[in-house]
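Below: the structure, in structure tokens.
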Amino acid sequence: MKPKDECGIAAVYALKGGLPDTETDLGSYIPLMLQDMQNRGELSAGITSYDPHRNYLLKTHKALGQVKEAFKINPSNEKTIEEATSGCAAIGHVRYATCGKDDVNYAQPFEREHGRLHKWFSFCFNGNIANHVELKNYLVENKLYHINLESDTEILMHYLAREIAQFEDGDVDYVQIFKRLAHSFDGAWCLSMIDAQGDLVVARDPLGFKPLSYAITDDKVLVASESVAIWNRGVGNIQTLEPGHLLRVTKDGVKVEKFAESTRKAHCFFEWIYFSNVASDIDGVNVYESRVRAGEMLAKKETLTIDDDTIVVSVPDTAKASGDAMGFELGAKVVEGLFRNRYVGRSFIKSGNSRNKVVQQKFTPLPSVLKGKKVILVEDSLVRGTTLKHIIKDMKERGQVAEVHLRIACPPILSPCFYGIDMSTLKELFARQYTDVDATESDLPEEVRTKMANDLGADSLTYLSHTDMAEVIDLPYEDLCIACVNSDYPTAQGKKLIVKARENALKGVEGRSY
Ligand code: SF4
């Protein structure tokens, strides 16, 4: 199974003359923006809207399922959804769980109702607080809050509530609040919140792990984890919210402010390689173009002889840009020999079918184009290897290919992620089973790759190297988090958790280290 990102966030606010426009309804933008970021989570979707003309100033709707299911985009809307999606301002969320259960109680936004308007707020976030267990222990041991859920979101909500409670007059200084929280929170967090006074705040952690974009026009502010969700609303001039910065909309207008110094940046390289929508720009770099560069780099490293029987096939859909670029560079024919059924979702996977049957339902090899061919199979990443193993088997059996040469547009994944991607143990990582090194200087040795290829049923296997990532993503190496590849964690808690993960692996302790 491919790794999943933890969540996407969105926010919108209507403006007139640079100030909040409480007469214009823009809440219905949120489901559309979330749908553009469905790739970031299909487990649940939700919205909190703000409407000063409504008794319930904040209204939240959230449900399990994809955006179209949660918001009942098809068929007609229910009244509750209509109410929750109306208002001059709103925040929204799509979720994939890396922490917490597949239960609607874990769906976001989390709304905390209160009689004082500045203390009544709702928020949602994308990321993972790596030290959330320590933060939770502090709240419990000091009898400050009762904890209901197994989720870092609830902990974050209580920390926010404690900070807000210090501003009794309602004039909340969010720069000060996030400055303090940035010291307490170790990890990745992009956060969006709105209170019952109508103040909207969107903040990005000081290392900038997860992407966050915004645009300010004459009549609205739009914020989203991915730029495509703003671009598809017909809005240009999209900007990056820089790490350690927040954007705030209040009765005084819109402000972008710094709340913490960024001692370094640590943009998750996987956003470009696999997670993000191919049409998005992240921290100024287009996702599609970075995948094209990855394909060109794979072509440069290719040692196979390209003949008339050689074809390049991508695993749909995220590897397509790399596969096309690699084939073009090599002068090899690029064909769609493998089709993905986009309607096979989580419900099918849950229904107890074997992995083989799931892959057979999801991917269809086409013998009329594959039969007897030497296939260069391009995939964006190789994490656990389970799906690829079945794809290769299926291509050989049903597709009747002669050879499969697997090419990965990413370096070997050798260490877990503690920042919101669900690859949390050493044991689950395919490449880690073949090497003890923490980072590969170039490619893994040929004999190691031959063994890996054999175990996957492929005829050969090559990767990109972690040192290629700066060129692929077109950002300085030191501005990226590639800890799952080079084991160099950018935060103190990450460094601590990898030691614990290694100890757990040696002792045979199952499960995540946080
Ligand atoms: S460890 Fe890997 S997946 Fe996790 S944030 Fe860093 S680069 Fe992204």
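The values are calculated or read from the model by the stated rules, or taken from the named source; none is laboratory data. Worth saying up front: this structure is predicted, and the values here are computed from it rather than measured. With ideal geometry, Cβ positions are generated from the backbone for all residues, glycine too; neighbour counts draw on all protein chains shown. For accessibility, only protein heavy atoms count, side chains too; no ligands or nucleic acids. Shrake-Rupley method; radii C 1.70, N 1.55, O 1.52, S 1.80 Å.
Things worth noting here:
- Residue selected from segment 393-431 under the condition open to solvent by 40 Å² or more (accessible area, probe 1.4 Å) and within 19 Å of TYR463 (Cα to Cα), by the criterion nearest to the ligand (Cβ to nearest atom): GLU428
- For THR153, the requirement of being of a type in the set (Ser, Thr, Tyr), within 29 Å of LEU32 (Cα to Cα) and surrounded by fewer than 20 Cβ atoms within 10 Å (Cβ to Cβ) is not met.
- Scan of segment 210-227 for residues that are more than 11 Å from the chain's Cα centre (by Cα), of a type outside the set (A, V, I, L, M) and under 25 Å from ALA188 (Cβ atoms), ordered by number: SER213, TYR214, SER227
- The one condition in (1) within 16 Å of the ligand (Cβ to nearest atom); (2) in the same structural domain as THR387 (by TED's automatic domain parsing); (3) polar (S, T, N, Q) that SER276 fails to fulfil: (2)
- Enumeration of residues in segment 307-333 that are free of Cβ contacts under 8 Å to residues at least 40 places away in the same chain and assigned to a strand (DSSP E or B): LYS333
- Scanning segment 315-349 for residues that are modelled with pLDDT under 95, aliphatic (A, V, I, L, M) and open to solvent by 40 Å² or more (accessible area, probe 1.4 Å) turns up just one, ILE349.
- Checked against (1) of a type in the set (Ser, Thr, Tyr); (2) open to solvent by 70 Å² or more (accessible area, probe 1.4 Å); (3) not in a helix (DSSP H, G or I), SER262 passes all but condition (2).
- Some residue of segment 423-437 being in a loop (DSSP other than H, G, I, E, B) and either outside the structural domain of LYS301 (by TED's automatic domain parsing) or in contact with a strand residue (DSSP E or B) (Cβ under 8 Å, 6 or more places away or on another chain) (or both): no
- Scan of segment 281-306 for residues that are open to solvent by less than 20 Å² (accessible area, probe 1.4 Å) and either in a helix (DSSP H, G or I) or more than 16 Å from the ligand (Cβ to nearest atom) (or both), ordered by number: VAL287, SER290, ARG291, ALA294, GLY295, MET297, LEU298, ALA299
- Reported count of residues in segment 469-486, each being open to solvent by 20 Å² or more (accessible area, probe 1.4 Å) and in contact (Cβ under 8 Å) with a residue 40 or more places away in the chain, is 6.
- All conditions in (1) within 23 Å of ILE421 (Cβ to Cβ); (2) in contact with a strand residue (DSSP E or B) (Cβ under 6 Å, 6 or more places away or on another chain) hold for THR387, with the sole exception of (2).
- When each of ILE147, ILE194 is tested for being over 21 Å from the mean Cα position of the chain (by Cα), within 27 Å of ALA70 (Cα to Cα) and surrounded by 23 or more Cβ atoms within 10 Å (Cβ to Cβ), the lone residue that passes is ILE194.
- Segments classed as strands (runs of 3 or more DSSP E), wholly inside segment 209-259, with at least 1 members that are within 22 Å of GLU271 (Cα to Cα), more than 16 Å from the ligand (Cβ to nearest atom) and at pLDDT below 95: none
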